Amino acid sequence: MEMQSFNYPASGLLQKEVTQVAEFLNKNPTFDGRGTVIAILDTGIDPAAMGMQKTSTGKPKVIDFIDCTGAGDVEMGPAQKCPDDKPLELVGASGRTLKLNPNWKNPSGDWHLGSKSLYSIAPKEVTRALTLMAQLLMQRILAMNWGQGLYK
């Protein structure tokens, strides 16, 4: 029997050879979950991740995706269209130009932009860590400036 090749990006994961999963799948090539549907409630998966694209039979792995992390919580501005001379660019609220991915399909050509503060959606542990890092960085900057005689 021919050995199957496993190209899943598994760095940092327990390898299939160590757990003898590769040997099991070679002996039982159809025992890979085909025909099984699993619902996952999570705070977020990345359906674009390489291992989430297709099953061993080439069918899509993700059948449906509902964002339970607060979908719709971002207030969107009025629809914008890209200018004719720059079909993949929009101007954001900050005035900066946003370049769109040419692979994105938008038949209507209407784009809605919005933003959300990281501090409003990040877990408390993350915001605490970011605040502490910002404070330490500010202390270093002040100490360097003081040492250079910028403050008297």
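The values are calculated or read from the model by the stated rules, or taken from the named source; none is laboratory data. Being a predicted model, the structure only gives us computed values, none of them experimental. Quick reminder, even Gly has a Cβ in these numbers, built from the backbone with ideal geometry, and neighbours come from all protein chains shown. All accessible areas refer to the heavy atoms of the entire protein, side chains included, with ligands and DNA or RNA removed. Shrake-Rupley method; radii C 1.70, N 1.55, O 1.52, S 1.80 Å.
Quick notes on this one:
- Modelled spin labels at Ala122 and Ile38, positioned 7 Å past Cα toward Cβ, are 3.1 nm from each other.
- Karplus-derived 3J(HN,Hα), 6.51/-1.76/1.60, for each residue of the range 117-123, Hz, glycine and proline x: 5, 4, 5, 7, 10, 6, x
- Residue ranking by accessible heavy-atom surface, 1.4 Å probe, largest first, among Met138, Met52 comes out as Met138, Met52.
- Theoretical gain in end-to-end length, Phe31 to Leu142 [0.36 nm per residue, Cα-Cα removed]: 33.8 nm
- Cross-link table Lys61/Lys116; Lys16/Lys61; Lys59/Lys124; Lys59/Lys99; Lys61/Lys124; Lys54/Lys86, entries beyond 28 Å C-alpha to C-alpha: Lys61/Lys116; Lys59/Lys124; Lys59/Lys99; Lys61/Lys124; Lys54/Lys86
- Of the residues Ile45, Ile63, ranked by 1.4 Å probe accessible area with the largest first, the sequence reads Ile63, Ile45.
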